[in-house]
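The values are calculated or read from the model by the stated rules, or taken from the named source; none is laboratory data. The model shown is predicted, which means the values in this text are computed figures rather than measured ones. Note that we place each Cβ from the backbone using ideal geometry, even for glycine, and neighbour counts take in every protein chain shown.
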Amino acid sequence: MFLLFLLSSFLAWSISKLSESYESRADFEITFFNFPDSLLLNTTEKRFIKTKLRASGFKFFSYGISPKKLKLDLSNVTLREGRYYLASNTMKPQFEKQLSNNVSIIELEEDRLYVDLYEVVQKEVPVEANISLELSQNHLLDGELNIDPKSVILKGPSREVENITKIKTKQLTFNNLSEDFSDKVELVKPNELINSQISINTVVVSGKVVRFSEKKYTVSIKSINLPEEYRIRMFPNKVSLVCKAGVDVLKNIKDNDFEVIVDCANIDQSNNKLPLQLSRTPQKIYAVQLLKDQIEFVLEKI
């Protein structure tokens with residue numbers, strides 16, 4: 001019973017004392033934000049600031065158990081003799097806004113807080129997707145792979161960023177694709193960028209996948225650059241080709257949408273064959289293949 005009363009008395013006394021206001025020292029860890037565009041903080045920079053506060057015993061007790069972090073805006077940093085700093089009259093109002101109403105800062109032990117900042121440059125570089133695509137049978141990627149955004153901004157010392165020409169994504173594999181896809185993928189920070197930053201950490205890679213089919217067409221062969229007073233007879237005078245495209249596209253393609261030519265300027269008197277050239281194809285097709293790559297010919301004088 002005696003010990004119980006003793007403990008109760010001690011707790012009551014402790015609460016009474018902790019409720020009272022005191023003046024004492026407290027250390028806070030600082031995190032920096034809002035850097036000027038041309039400056040960057042040394043990645044090893046970790047700063048604490050010593051303060052003299054007026055607060056309740058409970059507050060000092062809580063700071064001792066779980067130290068509070070304070071944020072410091074560096075947008076108004078001052079440069080003097082090659083060093084960057086913030087004056088106490090700039091820091092104090094910022095800190096007071098982040099502390100409780102019943103906590104007041106009497107003074108900061110440092111009139112100036114020097115910050116290890118260094119000048120940087122900015123450079124825009126393209127993003128390269130490190131993507132492996134495995135498409136289902138009879139499916140194709142419609143157009144190019146889309147990367148959003150297509151480029152990023154590097155910010156760092158000139159010696160680090162000047163030789164960087166692109167930023168790659170992490171390896172990403174898509175298997176058995178038969179429909180459109182979209183996925184977020186992280187960027188890989190080059191080892192050279194020790195004190196540099198990349199404007200974003202991820203990009204979105206997407207693509208449109210379509211089902212294709214094949215169709216055979218027969219096209220008349222045309223001649224160009226035929227010598228005057230001559231005509232040409234071709235064997236054969238038509239050629240077949242296979243076109244690969246989306247099913248809906250193939251429905252609207254006709255034979256005369258293609259043009260196949262022979263160039264008579266390439267005639268070799270010792271050879272009676274001419275190569276075929278595909279000079280016109282419809283839009284929105286993925287591939288076209290001539291089933292014959294040359295024809296025989298005879299020149300006849302008119």
Could you look through segment 280-302, keep only residues that are out of contact with any Lys or Arg (no Cβ under 7 Å at 6 or more places or on another chain) and free of Cβ contacts under 8 Å to residues at least 24 places away in the same chain, and pick out the one that is farthest from Arg233 (Cα to Cα)? Gln283
Could you check Asp248 against (1) modelled with pLDDT under 90; (2) more than 30 Å from Glu179 (Cβ to Cβ) and say which number it fails? (2)
Residue tally, condition in contact (Cβ under 8 Å) with a residue 12 or more places away in the chain, loosely packed, with under 15 Cβ neighbours inside 10 Å and not aromatic (Phe, Trp, Tyr), over segment 95-115: 8
Here are Lys59, Lys46: which of them is at pLDDT below 70, exposed (fewer than 14 other Cβ atoms within 10 Å of the Cβ) and in the same structural domain as Tyr114 (by TED's automatic domain parsing)? Lys46
Residues being free of Cβ contacts under 8 Å to residues at least 60 places away in the same chain and surrounded by fewer than 15 Cβ atoms within 10 Å (Cβ to Cβ): count how many of those fall in segment 116-127. 2
Counting only residues in segment 210-234 that are in contact (Cβ under 8 Å) with a residue 24 or more places away in the chain and not in a strand (DSSP E or B), the one surrounded by the fewest Cβ atoms within 10 Å (Cβ to Cβ) is identified as Glu229
Residue check for Val204: out of contact with any Asp or Glu (no Cβ under 8 Å at 6 or more places or on another chain), among the aliphatic types (A, V, I, L, M), loosely packed, with under 15 Cβ neighbours inside 10 Å and free of Cβ contacts under 8 Å to residues at least 60 places away in the same chain: no
Working only within segment 231-249, note down all residues that are in contact with a helix residue (DSSP H, G or I) (Cβ under 8 Å, 6 or more places away or on another chain) and more than 26 Å from Gly143 (Cα to Cα). Ile232
Quick one: which strands (runs of 3 or more DSSP E) lie wholly within segment 102-145 and hold at least 1 residues that are closer than 17 Å to Leu70 by Cα and either of a type in the set (Ser, Thr, Tyr) or within 20 Å of the chain's Cα centre (by Cα) (or both)? 104-108, 112-115
Is at least one residue of segment 138-158 among the acidic types (Asp, Glu), surrounded by fewer than 13 Cβ atoms within 10 Å (Cβ to Cβ), modelled with pLDDT of 85 or more and in contact with a Ser or Thr (Cβ under 6 Å, 6 or more places away or on another chain)? no
Show me the strands (runs of 3 or more DSSP E) found entirely inside segment 151-209 where at least 2 residues are acidic (Asp, Glu). 181-186
Segment 254-272, residues that are in a strand (DSSP E or B) and either modelled with pLDDT under 90 or not assigned by TED's automatic domain parsing to the domain that holds Tyr230 (or both): Asp268, Asn271
Could you figure out which of (1) surrounded by 12 or more Cβ atoms within 10 Å (Cβ to Cβ); (2) free of Cβ contacts under 8 Å to residues at least 12 places away in the same chain isn't true of Gln269? (1)
